[in-house]
1. Mind listing just one residue for me: the one in segment 97-113 that is under 22 Å from residue 85 (Cβ atoms) and among the basic types (Lys, Arg) and, of those, farthest from the chain's Cα centre (by Cα)?
2. In the list 63, 58, 80, which residue meets the criterion of being surrounded by 10 or more Cβ atoms within 10 Å (Cβ to Cβ), in a loop (DSSP other than H, G, I, E, B) and under 19 Å from the mean Cα position of the chain (by Cα)?
3. Hey, among the residues in segment 27-49 that are surrounded by 14 or more Cβ atoms within 10 Å (Cβ to Cβ) and hydroxyl-bearing (Ser, Thr, Tyr), which one's farthest from residue 62 (Cα to Cα)?
4. Identify the single condition in (1) in contact with a strand residue (DSSP E or B) (Cβ under 9 Å, 6 or more places away or on another chain); (2) at pLDDT 90 or above; (3) exposed (fewer than 10 other Cβ atoms within 10 Å of the Cβ) that residue 52 does not satisfy, given that it satisfies every other one.
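The values are calculated or read from the model by the stated rules, or taken from the named source; none is laboratory data. Predicted, not measured: the structure shown is a model, and the values here were computed from it. Please note: Cβ atoms are built from the backbone with ideal geometry, for glycine as well, and neighbour counts cover all protein chains shown.
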Amino acid sequence: MYDFGKMTAASEHGVTIPPVSPGLPPGRQICSNCGATKPIEEFYPRPVPENPHRRHRQCKDCQKIKAKLRYAADPEPARQRSRKYCRHFDPAAREKRRASARASHAERVRAAGRTYRPRLNARKDAVVIR
């Protein structure tokens, strides 16, 4: 079990504890990092089997800032995750992603008022010359 006599204050570890507000309106939550009261939609979902509507304690803005700082400090783990994610696609999923990217690119080109002309890629597209 835990020995509560040896526990130190949360402020010593750099953890900010939000103030407890019993009068907090429903649908709002206090961010544990910035202390701002925000709508519940401003917090990422964090469901667990016991509580499927649970949310993170930090707001989305604070989590994004934290992620950017973590990446700036050491970008290599994020690069490795990205490489691993892309390598383990099966060929059908990879082709589906490529087709989706081509379609969204064509839409952006047409929305800009230009004509879309798909390029031939000699490595991937079969070209028949007669």
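1. Here the residue is 102.
2. That would be 58, the only listed residue that is surrounded by 10 or more Cβ atoms within 10 Å (Cβ to Cβ), in a loop (DSSP other than H, G, I, E, B) and under 19 Å from the mean Cα position of the chain (by Cα).
3. Step by step, filter segment 27-49, then rank; the result is 37.
4. Single failed check for residue 52: (2).
Residue-wise test of (1) modelled with pLDDT of 85 or more; (2) of a type in the set (Phe, Trp, Tyr).
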| residue | (1), (2) |
| --- | --- |
| 89 | no, yes |
| 96 | yes, no |
| 99 | yes, no |
| 106 | yes, no |
| 110 | yes, no |
| 115 | no, no |
| 118 | no, no |
| 124 | no, no |
| 129 | no, no |
